[in-house]
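Inspection log for the structure reproduced underneath, given as structure tokens.
Here, each number is a calculation from the coordinates, and none is a lab measurement. Keep in mind that this is a model prediction, so the values were computed, not measured. Backbone-built Cβ (ideal geometry, glycine too); neighbour counts: all protein chains shown.
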Amino acid sequence: MFENRLERLRRRVRAARDLGKLYRVVAEGFARLLDADRVLVLHELDCMRGLEAVYALPRPDDGSLPPVSISRDDSFYDYLKTTRRALVMLHSPWVQERSPGSKVLPELLKSGWRVAVPLQQLDMLVGVVLLGPIGVDLTRLSYRRAIRRLSELIAYAAVTLLMFQRLQQEAKEKATLLEVAKKISSSLDLMEVLELVVEAVRQVVPCEHATVFLIDRERDELKHAVYRGSGRAVIKNFRLKLGQGLVGWVAITGQPVVIDNVLEDERYYRLFPDSRSELDVPLVRGDKILGVISLESRRERAFTEHHLELAKAFAAQAAVAIENALLLEELVEKRRLERELAIAREIQKALLPKELPRLRGFALDAYTLPSGMIGGDLYDVVEFADRTVALAVGDVSGKGTPGAILMATLYSTYRGLLRRGIDPGQLMRKLNDLLVERIDLESFATFFLALLNPKTRTLRYCNAGHNPPLLVHEDGSYERLEEGGPVLGFVPQLSYISTKIELKPGDLLVLYTDGVTEAANAEDELFGEERLVALLQRYRRLGPKRLRKKIIQEVVAFTGRKALDDDLTLLIVKVSSHGSAASTGEENAEEVVTDGS
């Protein structure tokens, strides 16, 4: 019976596709597996805040969770992180002896918790499952070993799903910021803009109450402007004196605040009876404070530093809108374009690798040049712990801000799927299905992904409708890496295959986007793949950096103009002829370029 329930739980953990489902599966599974009438799952969602309750059985009628948390500075946290025990008996003298001065452990025992199952991965404490009295005799060593393996599986699933959730959330936050930037700057209706900001903030920062207060300088007061939330609306024309409450304090000092428990802060003014934590950010333009955005939650410790940074970003947008309401329409339009492009450019820069790995026997270089301030190309280089390296190049339909948003969606989705050892064809199938769900019908993306094993000099790749990378050999012969499948984002459930090839000393691998081959001159003649192949054959013994510069020089000379019509991206890999870090002294001396500068 135990083995059957254990195997069923393992299958359900592997099948979970989001954290909420995983929490429920784990709680229900442990309740059945160990015959426990109470289960509480805690997960470390923020590395600075420790373990927090995320799911409880039985489920409370009001949906709330027990106020149980285990902070990182508690000795019981350290014990859970380092213990090799699959099951921790909380009443055991051994456990209490190794958790000296713990404030949490006595409270857990007082609340009726008896057993803890640490969820560990490598040297990290991912979470813990707390159980009330259990009805299964776990003195058998095989049972404990089975639970140890199960807890490792759960920890791995939790880390993977959390990473994927963060990537999705990051893409959503950036897209929301871009959308707000566009709408704010195209409207001179102050209330419309403030309502938009509040709605957008609530999309990315979970809270029950969101209010905007504006400063009335004539009366030295803060007046309520907009409210959105689950409670009753704020009284019309409600006002606070400057300095009154946390909001008034922020309005005077210009400093944001995050309060984990408002009942413990003497500055708090109770506007909503159910609030327990609060986040306030000032609306600042230049050296002038215009108002405050206030977010309140029913949960203690609901807001993180990341939430604060998001709120500050939206507050900056709102402050600009308040000032813009007093400006002429032409000035508003100009600033809208400047802000939109600057935000989109920062998003793109943030997605590019900060540096390229140094591989023995290989030299790498990468470069991207948008046709305008922002573009729709991407490249990525990821080195795993076993020194395997993922190489990726992609291109999305559209240019400007829409192209940048689609590129961010493609990048975050691909990064959420990428992990060591995954087959490129399998990743492409999942990536295509997810993009079909997330992008509109008229959008698509081409993508090339390869896994390079530097030790064996092998490359396993899959090409999803992208310009075939060129593999030029030492003798000048070449191959086109075109096996894979169609473009991404059109039709679900497509088949993609991966192909394995062997790299040889002196080989040159060039990944590129169509900004190279489709660059046109004044006669509308394309640069073309044939010219690119000839160029690579001629200069195949150059190091990646010098070769990259040569390619761009030839393309610019061919078009006859400095500004290109399409984004251009290159990712170049050179295999050493001698089995060392690079094949020539020139390669050893090259500076890796990753940001297009």
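Okay, which of segment 435-455 sit inside 15 Å, backbone N to the point 7 Å along the Cα-Cβ direction of Asp18?
Those under the cut-off are 437-438.
By count of other Cβ within 10 Å, fewest leading, how are Asp123, Asp37 ordered?
Working: Asp123 7, Asp37 13.
By the 10 Å Cβ count, ascending, the order reads Asp123, Asp37.
For a quick protection proxy, order the peptides 299-306, 314-321, 17-24 by their average other-Cβ count within 10 Å, most packed first.
Result, highest mean first: 314-321, 299-306, 17-24.
Of Lys455/Lys545; Lys174/Lys430; Lys172/Lys562; Lys354/Lys455; Lys504/Lys545, which sit over 26 Å apart, Cα to Cα?
Lys172/Lys562
Determine the gain in length on full extension of the stretch Arg217-Met191; use 0.36 nm per residue of separation and subtract their C-alpha separation, reporting nm with one decimal.
Full-extension gain reported as 7.5 nm.
What order, most packed first, do the peptides 215-225, 263-273 have when packing is the mean number of other Cβ atoms within 10 Å of each residue?
Those peptides, ordered most packed to least, come out 215-225, 263-273.
Wrap a convex hull around the Cα atoms of segment 189-324, take a quarter of its surface area, and give that in square nanometres.
That works out to 7.3 nm², a quarter of the Cα hull's surface.
Please give the per residue volume of the convex hull enclosing the alpha carbon atoms of segment 2-163, rounded to a whole number of Å³.
109 Å³
Taking the Cβ of each residue in Met124, Met407 as the centre, tally the other Cβ atoms inside 10 Å and list the residues starting with the fewest.
In increasing order of surrounding Cβ atoms, one gets Met124, Met407.
At a 10 Å Cβ-Cβ cut-off, how would you order Phe2, Phe30, fewest neighbours first?
Lowest to highest Cβ neighbour count: Phe2, Phe30.
So if each residue of separation counts as 0.36 nm, and I subtract the Cα-Cα distance between Ser495 and Glu264, what length gain in nm does that give?
Extending this stretch completely gives an extra 77.4 nm.
Work out the length of the dipole vector of segment 439-490 about its Cα centre, built from +1 on the beta-carbon of each Lys and Arg and -1 on the beta-carbon of each Asp and Glu, and round it to the nearest 20 debye. All intermediate terms of the calculation are to be shown ahead of the outcome.
Working: 4 positive and 7 negative charges, 64 e Å.
The calculated dipole for segment 439-490 is roughly 300 debye.
Above 30 angstrom, tally the Cα pairs of the chain and express them as a % of all pairs, no decimals.
On the way: 111775 of 177906 pairs.
Tail fraction, whole percent: 63.
Tell me, how many Å apart are the Cα centres for segment 420-457 and for segment 526-582?
If you average the Cα positions of each part, the centres end up 25 Å apart.
Provide the packing ranking of 562-571, 101-110, i.e. peptides ordered by the mean count of other C-beta atoms within 10 Å per residue, highest first.
Those peptides, ordered most packed to least, come out 562-571, 101-110.
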